[in-house]
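Here the structure comes first, spelled out in structure tokens, and everything after it is commentary.
The values are calculated or read from the model by the stated rules, or taken from the named source; none is laboratory data. Note that the coordinates shown come from a computational prediction; the quantities given were computed from them, not determined experimentally. Note: ideal-geometry Cβ built from the backbone for every residue, glycine included; neighbour counts use all protein chains shown.
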């Protein structure tokens, strides 16, 4: 084992000499390799638009992510990153609990509960407790439950209304991120999906994977693969999962963050997005973005985060001593072509 790690040919260049240029080449190599693989597998991989199933997996849940037009692949330290890149769980310094409600188009609704936290399985050593500069957090965990419901009308061949039935979809999502260094984090996710249509029900699984690279305190890059897994059918024809590849970058410039994303779906669609987020004294957050799906769509949002006075959190870990119990409310609105607007509200608790 020691011989393997002493062989420098097998080690990332960032671990050997901290060279940002070398890491940049490594990152670009991974991106180009991923896109080349998708291109070479076009016949077997890509489908026509509308041929994938389980579309509720493509609906974003975090009001912050929606307000940023989905340009969230390179963002870390937020449990909402589970929908975009599981590596985004890294950077969580507190328990992050969110409740979201989405009033989607065509009277569809979606609710979710999410929680993420740094995993600390043992007491920190005396040296770490006495040194506030040391951050021992390496492993981060996340959990999400979502429920999507929509009422459908049932009609006969003449168009007469025969009644209505509910399409009900549920998801249990587990995620984990590991921070290899201050600049590199990787994440993995597993999904258990259940879909009910009238008196029929199917259950299947999916997986996510991704990483985030931070060459500096300002820049962040992300790459993720979402909704990988087998197809399954209610009757005879199988519905493939909405597999998605996301590439994103962001830059923090004082109180403003600039973000950009490109999402490549299995349905031969490429969806670019760009957004900005303004933070005012860590209390007020204004967000806006634009994305292209079949037409140009816009999104915007606002967030208010506050900490009631006197609710100081204390603990043995120096990184926890200055943390406070915080509450937040995020709201986002997004255009949906000619179908109208979707509204997302997220309640957040940090402790």
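Determine, yes or no, whether residue 205 is assigned to a strand (DSSP E or B) and within 22 Å of residue 118 (Cβ to Cβ). Criteria not met by residue 205. When 250, 183, 216 are screened for being modelled with pLDDT of 90 or more and closer than 20 Å to residue 80 by Cβ, only 250 passes.
Would region 150-164 turn up any residue that is surrounded by 13 or more Cβ atoms within 10 Å (Cβ to Cβ), modelled with pLDDT of 90 or more, part of a strand (DSSP E or B) and in contact with a strand residue (DSSP E or B) (Cβ under 9 Å, 6 or more places away or on another chain)? There is no residue in region 150-164 that is surrounded by 13 or more Cβ atoms within 10 Å (Cβ to Cβ), modelled with pLDDT of 90 or more, part of a strand (DSSP E or B) and in contact with a strand residue (DSSP E or B) (Cβ under 9 Å, 6 or more places away or on another chain).
Has region 40-54 got any residue that is within 14 Å of the chain's Cα centre (by Cα), assigned to a helix (DSSP H, G or I), at pLDDT below 95 and under 21 Å from residue 228 (Cβ atoms)? No, region 40-54 contains no residue that is within 14 Å of the chain's Cα centre (by Cα), assigned to a helix (DSSP H, G or I), at pLDDT below 95 and under 21 Å from residue 228 (Cβ atoms).
Across region 187-194, not a single residue is classified as in a strand (DSSP E or B), at pLDDT 90 or above, touching a strand residue (DSSP E or B) at 6+ places or on another chain (Cβ under 9 Å) and farther than 20 Å from residue 242 by Cβ.
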